[in-house]
Amino acid sequence: MLPDLGISPFLVISSDIYTDFDYSILKNYQPKAAAHLMMVPNPAHHPEGDFAVQDTTFLSVMGDARAKLTWASIGVFRPEFFANMESGKCSLRVLFDHAIANNEITGELMSDFWTDVGTPERYQALLDRPNL
């Protein structure tokens with residue numbers, strides 16, 4: 001499918017999140033690196049986080065849990081981020097770790113409401129939230 005996406009950066013959003021983030025902010029975003037990930041404070045179900053932000057923008061796998069943030073499952077990717085991926089299933093984490101090791105991925109903390117609704121319990125908690 002990658003050839004069908006063209007040469008411009010594209011937005012990837014997981015279907016198991018809910019947020020009031022304004023996606024239009026990323027409509028014409030041009031990442032400085034191969035990918036740019038939106039990050040959130042660590043939710044209760046993922047206290048160890050995913051990545052730390054180093055030097056204000058580039059992501060790192062280093063750092064203790066207090067320094068790490070969780071990927072919000074929102075990112076802008078340049079097609080070349082996926083260029084060496086073989087066809088079939090692949091964990092994004094493998095691609096992220098490779099890109100991070102080569103300083104090819106940036107991130108920023110978002111302050112909008114965000115929640116992972118990847119389980120029935122978290123989905124129900126969202127539905128029970130006032131002012132949804």
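Bear in mind that the values in this text are calculations on the coordinates, not laboratory data. Since the structure is predicted, the reported quantities are computational estimates derived from the model, not experimental observations. Backbone-built Cβ (ideal geometry, glycine too); neighbour counts: all protein chains shown.
Annotations for the structure displayed:
- Mean Cα-pair separation over length for the chain, i.e. relative contact order, pairs under 8 Å, 6 or more apart, %: 36 percent
- Of all DSSP beta bridges in the stretch 2-132, antiparallel share, percent nearest 5: 80 percent
- Residues with amide H under 5 Å from that of M39, placed H, sequence gap 5 or more: A72, E108, L109, M110
- Neighbours of D20 by Cβ distance under 13 Å: Lys/Arg scored +1, Asp/Glu scored -1, total -1.
- Expected 222 nm ellipticity per residue - DSSP helices of 4 or more, -39500 (n - 2.57), all of the chain, to 500: -4500 deg cm²/dmol
- In sequence order, the stretch 87-98 has phi-based couplings of 5, x, 6, 8, 6, 4, 4, 4, 5, 4, 4, 5 Hz under the Karplus curve 6.51 cos²θ - 1.76 cosθ + 1.60, θ = phi - 60°, and Gly or Pro positions carry x.
- Between L109 and Y23, residue separation times 0.36 nm minus the direct Cα-Cα distance comes to 29.5 nm.
- Taking Cβ atoms as reference points and 14 Å as the exclusive limit, the residues near N84 contribute a net charge of -3, counting Lys and Arg as +1 and Asp and Glu as -1.
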